[in-house]
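Take a look at the structure below.
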Amino acid sequence: MSIDELIRDTVHFHRKQYFANHPPILSLKIGDYGYLKKKGFEYAGNVEDSFKINIGKIRVGPEADGQFSSEKGIKYETSADGHIKVEDVGEGRAEAIINFERANCVFFRGSGCRIKMIEDRASFDREIINLYELDKWKTEYVVITSIMEAKTINLFVSNSTKSFVKLRAKSSLPEVDIIKAGVDYDVIGESGVGDKWVSNKVTVPLIGLSKIKKKNLIGDPVLRTKYLIGDEDKFNEQIDELETLKNNVRIKKIPFVEAFDITDIEGE
């Protein structure tokens with residue numbers, strides 16, 4: 001398994017309604033559309049640029065810290081919680097150590113995180129369905145309808161047992177949790193770390209995706225729109241079903257807004 005796939009799996013396991021934007025410094029925004037392959041988003045364009053769709057007002061959630069990691073095999077210690085003695089800290093600067101007991105462990109923490117989403121989803125969804133009716137929107141397209149922005153991110157992935165990364169604040173701050181506080185720091189030691197991303201600039205580590213689905217018409221079964229982890233074939237089957245339905249809707253002259261909807265993609 002590649003590091004990209006490992007991070008995507010870990011994110012989707014802990015945050016089923018979101019997908020990893022990896023590398024997290026990739027510039028993605030609400031309204032970007034493309035393809036979903038192996039839980040990875042492949043950019044094709046933006047609805048405003050390509051189709052002149054006005055996304056409208058963006059709803060912004062409260063600021064908070066975000067964290068997720070592999071279920072086992074990670075230990076995080078800081079001078080703030082007393083696990084590292086202040087007198088042992090060089091020049092009175094706080095330190096932190098992330099220990100990985102095994103390979104393929106993922107540690108992520110972001111500070112100043114905010115969820116942003118489209119305020120008027122109903123209008124936006126109708127615009128996409130209209131494009132679909134005009135054959136300008138592909139059945140397999142997914143579109144970013146929400147994002148998680150972070151002021152700082154810290155992402156580390158181990159590639160061997162007994163891996164570690166040691167951090168030290170750049171300024172004199174002996175009793176703070178470096179990562180939680182979002183202060184600048186140096187990586188002063190590491191071993192067995194396969195991937196790391198550290199940024200004090202606003203990034204988009206997580207994205208929420210939506211796609212075309214069929215409405216639950218009376219007497220019809222609900223078409224599942226969940227992204228089945230490790231089951232690409234099932235996801236492709238859903239696309240084939242939608243293509244068949246699309247042709248039938250045209251033959252029966254049913255308005256597309258009565259037959260189709262836009263839904264958020266979740267994992268299982």
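Since every read-out is calculated from the coordinates, none of them should be taken as a lab result. Source: prediction; values computed, not measured. Reconstructed Cβ throughout: ideal geometry from the backbone, glycine too, with neighbour counts over all protein chains shown.
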- prompt: To the nearest 500 deg cm²/dmol, what mean residue ellipticity at 222 nm is calculated for the chain from DSSP H runs of n ≥ 4 alone, each contributing -39,500 (n - 2.57), summed and divided by the residues?
  reply: -6500 deg cm²/dmol
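Quick one: dipole size for the range 11-79, taken about the Cα centre, charges +1 on Lys/Arg Cβ and -1 on Asp/Glu Cβ, in debye to the nearest 20. Please list the in-between numbers first.
On the way: 11 positive and 8 negative charges, 57 e Å.
Once rounded to the nearest 20, the dipole reads 280 debye.
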Two-site label geometry, V257 and A122: point separation in nm, points 7 Å out along Cα→Cβ: 1.0
field: Surrounding net charge for K170, when Lys and Arg each add one and Asp and Glu each subtract one, Cβ distance under 9 Å
entry: 0
- request: Between D184 and T244, take the C-beta separation as r, use R0 = 41 Å, and let me know the FRET efficiency to the nearest 0.05.
  value: 0.15
- request: Taking log10 I(q)/I(0) by the Debye sum over Cα atoms at q = 0.09, 0.12 Å⁻¹ as the quantity of interest, determine which of (i) -0.55, -0.79; (ii) -0.42, -0.75; (iii) -0.50, -0.78 was computed from the displayed structure.
  value: (iii)
- line: Connecting every pair of Cα atoms under 10 Å apart in the chain and solving the GNM, the largest mean-square fluctuation among S171, S69, S210 falls on S171
- request: Extending each Cα 7 Å along its Cβ direction at S2 and N54, get the distance between those two points in nm, one decimal.
  value: 4.0
message: If the elastic network links every pair of Cα atoms under 10 Å, which of R114, R250, R15 fluctuates the most in the Gaussian network model of the chain?
response: R250
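What's the extension gain from E101 to V202 if we count 0.36 nm per residue and subtract their Cα-Cα distance? Each step should come with its number before you reach the end.
Details: separation 101, 0.36 × 101 = 36.36 nm, distance 3.05 nm.
In short, 33.3 nm is gained.
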field: For the range 46-58, Karplus couplings with θ = phi - 60° (6.51, -1.76, 1.60), whole Hz, Gly/Pro x
entry: 10, 4, 5, 6, 7, 10, 6, 8, 7, 5, x, 5, 9
- prompt: Which of these, K136, K39, K253, has the largest mean-square fluctuation under a Gaussian network model of the chain (Cα springs below 10 Å)?
  reply: K253
statement: Taking alpha-carbon centroids only, the range 5-71 lies from the range 117-194 a number of Å equal to 8
Summed side-chain charge close to F41 - residues other than F41 whose Cβ falls under 13 Å, Lys, Arg +1, Asp, Glu -1: +2
